[in-house]
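Input: a single structure, listed below in structure tokens.
The values are calculated or read from the model by the stated rules, or taken from the named source; none is laboratory data. Note that the structure is predicted; figures quoted are calculated from it, not measured. All Cβ positions, glycine included, derive from the backbone under ideal geometry; neighbour counts span all protein chains shown.
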């Protein structure tokens, strides 16, 4: 059942069947309950504005507080800050050396339907390049590479990567210049890699061409387009949504159905 599940991990019905099987075989009723609650939460129309969102989230937090440590210990050793979404660990933070080791990499991706990855401890930039070409990268929806000393050269290598399904990319606090951003635009336009990209975070680099905003008492009253974004034709991954007068950033988890929902700044 587990092998079959990992092959169709995006299937909500399969996740529910997995929860049913856990209870039927007396494995872990609390984990089964987490799966059902998180699936219900993810499927609520209107998201955080729905009347059931707060009580559901509270029940989920209670379960995680009581059982999270045990569930994580049972699956992962070399992984930092694993995050449950829709009942399973979907986000992990991993040192690059773990991904470079074939055995540990296989253990990681065999253990859970990882779709959201943060790579850390990149001591040499060229250590990252073979990771980006690994087959496991095909299943990623989001990737975080914040503060890893990434330069324009790594951006150029993204064109050779396996990130065909990536929708959300965070590259904040690196050393990317205008040249790297032009590379990123060319890859997303002319290459099947990054064609689905919808959001890129570039704050803290040599240049950040995302939109900025004029505000009056915290309410957005105007947009200011960066000249580089305008020159590139305003790619969608540099566009920022405004909801009810506030800038809204997409959560990496909100792409699980390949659709965009927005979470306002400060929403938990």
Within the range 73-81, does at least one residue satisfy the condition of being within 20 Å of the chain's Cα centre (by Cα), touching a residue at least 40 places away in the same chain (Cβ under 8 Å) and closer than 29 Å to residue 147 by Cα? yes
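Yes or no, residue by residue, for (1) farther than 19 Å from residue 130 by Cα; (2) at pLDDT 95 or above; (3) touching a helix residue (DSSP H, G or I) at 6+ places or on another chain (Cβ under 7 Å); (4) part of a loop (DSSP other than H, G, I, E, B):
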site: 148; (1), (2), (3), (4): no, yes, no, yes
site: 175; (1), (2), (3), (4): yes, yes, no, yes
site: 184; (1), (2), (3), (4): no, yes, yes, no
site: 189; (1), (2), (3), (4): yes, no, no, no
site: 195; (1), (2), (3), (4): yes, no, yes, yes
site: 203; (1), (2), (3), (4): yes, yes, no, yes
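Taking residue 122, is it more than 19 Å from residue 252 (Cβ to Cβ), more than 17 Å from the chain's Cα centre (by Cα) and outside any helix (DSSP H, G or I)?
yes
Provide a single number: the residues in the range 209-246 that are farther than 25 Å from residue 175 by Cα and in a strand (DSSP E or B).
Qualifying residue count, the range 209-246: 12.
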Out of all the residues in the range 1-57, which are at pLDDT below 85, in a helix (DSSP H, G or I) and within 18 Å of residue 254 (Cβ to Cβ)? 12, 47, 48, 49
Under the condition of being over 24 Å from residue 13 (Cα atoms) and surrounded by 19 or more Cβ atoms within 10 Å (Cβ to Cβ), which residue from the range 65-95 is modelled with the lowest pLDDT? 79
Does the range 130-162 hold any residues that are closer than 15 Å to residue 105 by Cα, surrounded by fewer than 16 Cβ atoms within 10 Å (Cβ to Cβ) and over 15 Å from the mean Cα position of the chain (by Cα), and which are they? 130, 133, 134, 135
Quick one: which residue in 108, 128, 64 is within 24 Å of residue 196 (Cα to Cα) and either assigned to a strand (DSSP E or B) or touching a residue at least 24 places away in the same chain (Cβ under 8 Å) (or both)? 128
Conditions: (1) out of contact with any helix residue (DSSP H, G or I) (no Cβ under 7 Å at 6 or more places or on another chain); (2) within 30 Å of residue 103 (Cα to Cα); (3) not in a helix (DSSP H, G or I). Residue 70 meets all but one. Number of the miss? (3)
